[in-house]
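Heads up: the structure comes next, in structure tokens.
No value in this document is a laboratory result; all are computed from the given coordinates. Since the structure is predicted, the reported quantities are computational estimates derived from the model, not experimental observations. Here Cβ is always computed from backbone atoms with ideal geometry, including for glycine, and neighbour counts include all displayed protein chains.
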Amino acid sequence: MSDTPVTDTPRRRRYKKRKQIPNLLSLSRVLFTFLCTLLLYVEQIPYRRTWAFVAYIIASLTDWWDGAVARKYGWTSPFGTYMDAIADKVLQIGIFIDFLLFGILPRS
């Protein structure tokens, strides 16, 4: 055996970057929460509630997609496990609060 260290090949670097896809999808869910809030807040945007709904649907799909990708390729990590759960809570609670603040859900 050779004593030369294993170099970081381009193929290995691409694989390491791909392993982060589920984590990036989880983080994007938090950004989509802020996008939904912004779309509901700015009244000058035409069809703002429709666009906020579309952003919410995309965020919900990233929840499914990051889990499917992580399980299929075995790209799970402790950070990803916690971040996925936190991003889910931020999205759901954030949207619920938005709905209350903007009068979409009635306050009882």
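Take the conditions (1) crowded, with 16+ Cβ neighbours inside 10 Å; (2) within 10 Å of the chain's Cα centre (by Cα); residue 61 misses just one of them, which is (1). Screening residue 75 against (1) closer than 28 Å to residue 18 by Cβ; (2) among the hydrophobic types (A, V, I, L, M, F, W, C); (3) part of a helix (DSSP H, G or I) leaves a single unmet condition, (3).
Within region 72-89, identify whether any single residue is in contact with a Cys (Cβ under 9 Å, 6 or more places away or on another chain) and either surrounded by 15 or more Cβ atoms within 10 Å (Cβ to Cβ) or at positive phi (or both), and answer yes or no. No, there is no match, as no residue in region 72-89 is in contact with a Cys (Cβ under 9 Å, 6 or more places away or on another chain) and either surrounded by 15 or more Cβ atoms within 10 Å (Cβ to Cβ) or at positive phi (or both).
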